[in-house]
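Novice: What follows is a structure written as structure tokens; I'll ask about it next.
Read the figures in this text as sums done on the coordinates, not as results from a lab. This structure is a prediction, so every number in the text was calculated from the model and none was measured. Cβ placement follows ideal geometry from the backbone for every residue including glycine, while neighbour counts extend to all protein chains displayed.
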Amino acid sequence: MMRMFNFMKSVGATPIVKAIDVPGEKLNSLEELFQKTMEEYEQRSSTLAQLADEAKELNDDSTVNFLRDLEKNSSMMVCCCKPFLMKCAVRNLRVCALCRPTNMF
């Protein structure tokens with residue numbers, strides 16, 4: 001967020017940061033936290049891609065480059081979260097398989 005603020009100032013804009021209400025969604029596990037983080041990343045990534053496309057249409061190369069750099073840095077987070085989520089998914093499948101009755105009679 002600070003990088004975006006600094007970039008906007010460097011190109012002559014006057015960014016205004018307002019307080020936002022953060023939803024108090026209760027998460028019950030580390031897995032839920034990582035899943036929520038991934039969902040928010042995907043939303044951010046989509047928005048950055050749309051902004052980059054608009055900047056490209058306007059021939060605003062400095063904004064395009066900034067947004068692409070921002071996306072590259074954000075994608076590092078995915079490299080950290082996805083393996084954890086995959087391990088959780090595999091563990092959950094194993095637990096479900098163990099709980100299933102194999103023979104009803």
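Novice: Pairs LYS26/LYS72; LYS36/LYS72; LYS36/LYS87; LYS56/LYS87; LYS18/LYS72; LYS36/LYS56: which exceed 28 Å Cα-Cα?
Specialist: Too far apart for the 28 Å limit: LYS26/LYS72; LYS56/LYS87; LYS36/LYS56.
Novice: Another question, then. Full extension from GLU54 to ARG3: what is 0.36 nm times the residue separation minus their Cα-Cα distance, to one decimal in nm? Let's see the in-between values first.
Specialist: Values: separation 51, 0.36 × 51 = 18.36 nm, distance 1.93 nm.
Length difference between fully extended and current span is 16.4 nm.
Novice: Residues of the stretch 31-54 with backbone nitrogen within less than 19 Å of a virtual label 7 Å along the Cα-to-Cβ line of ALA13, please, listed as ranges.
Specialist: Zone members listed by number: 43-54.
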